[in-house]
1. Please sort by residue number the chymotrypsin sites (Phe, Trp or Tyr not before Pro) in the range 171-202 whose DSSP state is loop and whose Cβ has at most 11 other Cβ atoms within 10 Å.
2. Among 72-84, 36-48, how do they line up by average Cβ neighbours within 10 Å per residue, starting with the highest?
3. For the range 72-153, what class follows from the C-alpha gyration tensor (a ≥ b ≥ c being the square roots of its eigenvalues): rounded when a/c is under 1.5, otherwise prolate if a/b is larger than b/c, else oblate?
4. Once every DSSP H run of n ≥ 4 in the chain is given -39500 (n - 2.57) and the sum is divided by its residues, what mean residue ellipticity at 222 nm do you get, rounded to the nearest 500 deg cm²/dmol?
5. For the range 40-150, which whole percent of the accessible surface, found with a 1.4 angstrom probe, sits on carbon and sulfur atoms?
6. Looking only at the chain, where both bridge partners belong to it, what percent of the DSSP beta bridges are antiparallel (to the nearest 5)?
7. What is the angle, in °, between the Cα long axis of helix 44-54 and the longest principal axis of the Cα atoms in the chain? Nearest 10 is fine, range 0 to 90.
8. Using modelled amide H (1.01 Å from N, peptide plane; none on Pro or chain starts), what sits under 5 Å from the amide H of ALA131, excluding residues fewer than 5 places away?
Amino acid sequence: LNADEQGLGKTLQTIAFLVWLNEEMAASPVRRGPVLVVAPTSLLQNWEAEVARHVDRPGLGQLIRLYGSGIGARRKAGQRGMDTQSGEALLDFGDLERAAGAGAGHLTWVLTTYTTLTNYQHSLARIPFAAAVFDEIQAIKNPASLRAAAARAIKADFRIGLTGTPIENSTVDLWAIMDQLAPGALGTLREFRGRYGEPDEA
């Protein structure tokens, strides 16, 4: 969890780590999965611009824009609607699954929004990601929400959360964020509420 103040370079720090991770995967026989970056719509262009500005090719590899018209390009033939309506995976990521199986999954990164993650959670949950980045992770601070459940369903060897505001309403926000990144690290929600639920200067 990187909870620095706004504007201190959390995105750049994360990109540097992902480049290092890709280089390590390329040099070793470990399973090589793609990278998933989930961000608010307002930050998608920023992610693309930062990667383009700071990373030499191949960098994070081929970019899959999974938002806007990019969703339709991934839809399986004859399928309509969203995963959450049918309970089925309606998007085709066969190329990513094959690349991961062939040891070339690290040559791709997927950029998407929290809404798309929620709507197509069954499709995305099938992909073996090497890392999942949740930018502005406080967007999934409600542990009972469909959005939070979709994020928890993502299979990733490593999970990163970025936020400048880890606690917006109550200390439970922090528990919910950590539950996404390291489940159980802060105990159960009931235990956490009992200990930290009430503000206390001491």
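The values are calculated or read from the model by the stated rules, or taken from the named source; none is laboratory data. Source: prediction; values computed, not measured. All Cβ positions, glycine included, derive from the backbone under ideal geometry; neighbour counts span all protein chains shown. We work out accessible area using only protein heavy atoms, side chains counted, and drop any ligands, DNA or RNA first. Shrake-Rupley method; radii C 1.70, N 1.55, O 1.52, S 1.80 Å.
1. none
2. Values: 72-84: 12.6, 36-48: 17.8.
The peptides rank, most packed first, as 36-48, 72-84.
3. Numbers: a/c = 2.18, a/b = 1.19, b/c = 1.83.
The shape class here is oblate.
4. Taking each H run of at least 4 residues, the total per residue is -11000 deg cm²/dmol.
5. Working: 2450 of 5180 Å².
Carbon and sulfur atoms account for 47 percent of the accessible area of the range 40-150.
6. Details: 1 of 21 bridges.
The antiparallel proportion sits near 5 percent.
7. That works out to roughly 70 degrees.
8. The answer is LEU36, ASP157, PHE158.
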